[in-house]
Amino acid sequence: DDEDFIATGLTIGTHAITFIVQDNDGDWSEWDNTTVLVIYPNTPPVGTLDSIEPLPAGKGDEVTFNGTGSDSDGTVVAYLWESSIDGELSTEANFSSNNLSLGHHTITFRVQDNDGDWSSYSDYDTLWIYAVPVAIAGQDSTGTPGVPLQFSGAATDEDGTIAKYEWDFDGDGVFEWSSTENGL
């Protein structure tokens, strides 16, 4: 009565399977044949994010990315670096870039094996690309001893605000004027 059953323990390869039935009068059917191909299930590859340097990095700095991949039952055939801000960064195992956007990036590294499977998203790192503020001291000017000179400084910061303005009038590293309000 059992025409369905589960077979375990078949070895990898092609198996010719035959099937026959007997009725209640004791008569047997003709043999029917089928072929079963047992394949070894693919083990996904493993991508390893080896390094991102420097961490953090200033806007425009060259950042170097290094990764490796392995596949226990095949070969690694493709690489993929992605940023949560900039999207796809590269399809090389190792590369450098100096045009990353400002912000806190989550960088993922994945590899693909020769069976078409990709490694998981589990290997990632964070990368902060920051902008340094730019001081604008103003135009050169000429003065006369004893006559006051007006200094008018400004600044920009792409990823924040200016918190302090300071002037050093004699180049000794000691600031003679400081303000959290403005550069005047």
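The values are calculated or read from the model by the stated rules, or taken from the named source; none is laboratory data. Just so we're clear, the structure is a prediction, and the values are computed from it rather than from any experiment. Note that each Cβ is placed from the backbone with ideal geometry, even for glycine, and that neighbours are counted across all protein chains shown. Ligands, DNA and RNA are excluded from the accessible area calculation, which covers all protein heavy atoms including side chains. Shrake-Rupley method; radii C 1.70, N 1.55, O 1.52, S 1.80 Å.
Only one of the numbered conditions (1) under 30 Å from G103 (Cα atoms); (2) assigned to a loop (DSSP other than H, G, I, E, B); (3) of a type in the set (S, T, N, Q) is not met by Q150, and that is (1). From the list G60, G13, G69, G9, the one residue that fits, being open to solvent by less than 50 Å² (accessible area, probe 1.4 Å) and over 30 Å from N99 (Cα atoms), is G13.
Being within 12 Å of the chain's Cα centre (by Cα) and at pLDDT 85 or above is the filter; apply it to the range 121-155 and report the residue that is most open to solvent (accessible area, probe 1.4 Å). Here the residue is Y124. Taken over the range 156-184, the residue count meeting the criterion of being in a strand (DSSP E or B) and either open to solvent by 90 Å² or more (accessible area, probe 1.4 Å) or touching a Lys or Arg at 6+ places or on another chain (Cβ under 9 Å) (or both) is 2. Among residues of the range 113-140 that are closer than 25 Å to E158 by Cβ and of a type in the set (F, W, Y), those with a Cβ under 6 angstrom from a residue that is open to solvent by 80 Å² or more (accessible area, probe 1.4 Å) and at pLDDT 85 or above, sequence gap 6+ or separate chain, pair up as W128/H104. With respect to the conditions (1) at pLDDT below 95; (2) open to solvent by 50 Å² or more (accessible area, probe 1.4 Å); (3) not in a strand (DSSP E or B), T34 lacks only one, and its number is (3). When only residues in the range 4-20 that are outside any strand (DSSP E or B) and in contact (Cβ under 8 Å) with a residue 12 or more places away in the chain count, which is nearest to the chain's Cα centre (by Cα)? The extreme case among them is I12.
Yes/no matrix, rows are residues, columns are (1) open to solvent by 20 Å² or more (accessible area, probe 1.4 Å); (2) out of contact with any Pro (no Cβ under 9 Å at 6 or more places or on another chain); (3) acidic (D, E):
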{"site": "T75", "(1), (2), (3)": "yes, no, no"}
{"site": "Y79", "(1), (2), (3)": "yes, yes, no"}
{"site": "E82", "(1), (2), (3)": "yes, yes, yes"}
{"site": "S90", "(1), (2), (3)": "no, yes, no"}
{"site": "N94", "(1), (2), (3)": "yes, yes, no"}
{"site": "N99", "(1), (2), (3)": "yes, yes, no"}
{"site": "F109", "(1), (2), (3)": "no, yes, no"}
{"site": "Q112", "(1), (2), (3)": "yes, no, no"}
